[in-house]
Amino acid sequence: MTARKVELIEVSPRDGLQNEPEILSTETKVELINRAVAAGVRRIEVASFVNPKRVPQMADAEAVMAALPARDDVTYIGLALNMRGLDRAIAAGCREVNYAVVASDIFSERNQGTSIEQAIAVGADMIKTAHDAGVRFTITFSAVFGCPFQGEVRPERVLEVVAAGLAAGPDEIALADTIGVAVPSQVADMFTEVAKLAPGARLRGHFHNTRNTGIANAYAAIEAGAAALDASIGGFGGCPFAPAATGNVPSEDLVYMLNRMGIETGVDIDGLIETADWLGQQLGKPGPAMLGRAGNFPPAELLGN
Ligand code: ZN
């Protein structure tokens with residue numbers, strides 16, 4: 001059953017910018033985050049606490065956090081991939097951390113240099129530390145719908161991995177189409193199966209529009225009960241395994257669809273469009289999102305009639 005409310009988690013400052021060749025200043029990143037919050041976003045992934053040598057776009061994670069206004073009603077999320085990253089995120093003041101576990105064995109071994117079981121064990125330790133510090137913890141299972149190294153990922157294996165991750169006690173789990181290969185039928189099946197594994201758990205979807213199926217996948221996820229969706233203003237970002245690809249599902253396109261379906265997000269669509277336009281100027285190119293080009297519907301001038 002479709003929820004009448006879906007939470008939008010803005011990921012442009014992290015997933016969006018991380019895949020852009022242009023590195024924005026700390027000040028510009030902070031303005032992006034403040035603009036998203038002004039548009040009504042209440043959970044936002046602001047930085048990645050990873051090795052700055054590996055991800056130079058995220059080297060100023062601490063400085064970004066330090067410059068953000070403290071607000072009780074806004075959650076700034078930090079991505080952390082190990083205990084050191086978690087410690088940095090907590091020290092920087094993040095009240096929520098997102099940790100990724102790859103659901104493909106070959107991807108995990110080859111790209112992360114660890115087995116899935118080991119990654120879950122690390123996550124379990126991180127969850128204890130996070131909870132001791134009063135920090136909420138999400139596990140994002142990545143490459144759930146396809147892997148750049150092994151191709152199809154067996155759904156049975158994904159469910160085994162998700163079950164093991166759930167046992168570690170995260171506050172939320174996300175299923176991610178990291179490389180943008182999923183199709184809606186696959187998304188519907190996987191969210192339905194995961195919901196059976198974890199009755200009552202908050203499920204979150206993370207889709208990339210790499211092959212133009214992102215918004216259809218987002219729809220399939222909410223129809224199958226997802227409570228939250230990640231999205232990126234302007235659709236900025238990319239895919240590390242498809243260099244010419246577009247980014248995450250665009251926030252404004254997603255909110256447009258949800259609005260017209262009568263599903264509330266609490267986010268102002270005009271604020272998103274303006275911010276996408278502004279971000280395009282900062283990055284020197286327009287984002288792939290469609291709504292800013294076509295305009296909202298019905299147009300504002302007809303709404304008062
Ligand atoms: Zn992503």
Sites Gln112 and Asn34 - FRET efficiency at Förster radius 35 Å, r taken between beta-carbons, to 0.05: 0.60
Working out 0.36 nm times the residue gap between Glu22 and Asn51, then minus their Cα-Cα distance, what length gain in nm do you get to one decimal? 8.6 nm
Could you check the spin-label model distance between Ala198 and Arg84? Points 7 Å from the Cα along Cα→Cβ, value in nm. 2.8
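What is the percent carbon and sulfur in the accessible area of the range 168-247, measuring with a 1.4 Å probe over the protein chains and ignoring ligands?
Carbon-and-sulfur percentage of accessible area, whole number: 57.
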Name the long-range amide H neighbours of Ile9: under 5 Å, sequence gap of 5 or more, or other chain; modelled H, no Pro or chain starts. Leu229, Asp230, Ala231
Whole angstrom only: what separates the Cα centroid of the range 245-305 from the Cα centroid of the range 15-39? 17
With springs only between Cα atoms under 10 Å apart, run a GNM on the chain and tell me which of Ala182, Ala124, Ala294 wobbles the most. Ala294
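Rounded, prolate or oblate: which one fits the range 146-231, using the alpha carbon gyration tensor with axes a ≥ b ≥ c (rounded when a/c is under 1.5, else prolate when a/b beats b/c, else oblate)?
Values: a/c = 1.77, a/b = 1.25, b/c = 1.41.
It is oblate, given that a/c is not under 1.5 and a/b is not larger than b/c.
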Farthest positive-ward along the range 7-292 dipole, Cα basis, beta-carbon charges - from Leu68, Val187, Gly123: Gly123
Reachable lysines from Lys196, Cα under 22 Å, same-chain residues fewer than 8 places away excluded? Lys5
Note on the range 79-167: alpha-carbon gyration tensor, axes a ≥ b ≥ c; rule is a/c under 1.5 for rounded, else prolate if a/b larger than b/c, else oblate; result prolate
If you count only protein heavy atoms with a 1.4 Å probe, what accessible area per residue comes out for the range 7-292, rounded to a whole Å²? 39
In Hz, Karplus ³J(HN,Hα) per residue of the range 275-292 (6.51, -1.76, 1.60; θ = phi - 60°; x = Gly, Pro): 5, 4, 5, 4, 5, x, 5, 5, 8, x, 6, x, x, x, 4, 9, 5, x
Each label sits 7 Å from Cα toward the beta-carbon; between Asp125 and Asp277 the label points are separated, in nm, by 5.0
Quick one: which residues, 5+ away or cross-chain, put their amide H under 5 Å from the amide H of Val102? H built at 1.01 Å from N. Ser142
At 4 °C and 1.567 mPa s, what whole-number value in µm²/s does Stokes-Einstein give for the translational diffusion of the range 7-292, with Rh from the Kirkwood sum over Cα pairs? 70
Setting aside same-chain residues fewer than 8 positions from Lys285, which lysines have a Cα under 19 Å from its Cα? Lys29
Calculate, for Met261 and Ala63, the FRET efficiency according to 1/(1 + (r/R0)^6) with r their C-beta to C-beta distance and R0 41 Å; round to the nearest 0.05. 0.55
Helix-only mean residue ellipticity at 222 nm for the chain, each DSSP H run of n ≥ 4 adding -39500 (n - 2.57), per residue, nearest 500: -11500 deg cm²/dmol
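The values are calculated or read from the model by the stated rules, or taken from the named source; none is laboratory data. As the structure is a computational prediction, the values presented were derived from the model and not from experiment. Reconstructed Cβ throughout: ideal geometry from the backbone, glycine too, with neighbour counts over all protein chains shown. Ligands, DNA and RNA are excluded from the accessible area calculation, which covers all protein heavy atoms including side chains. Shrake-Rupley method; radii C 1.70, N 1.55, O 1.52, S 1.80 Å.
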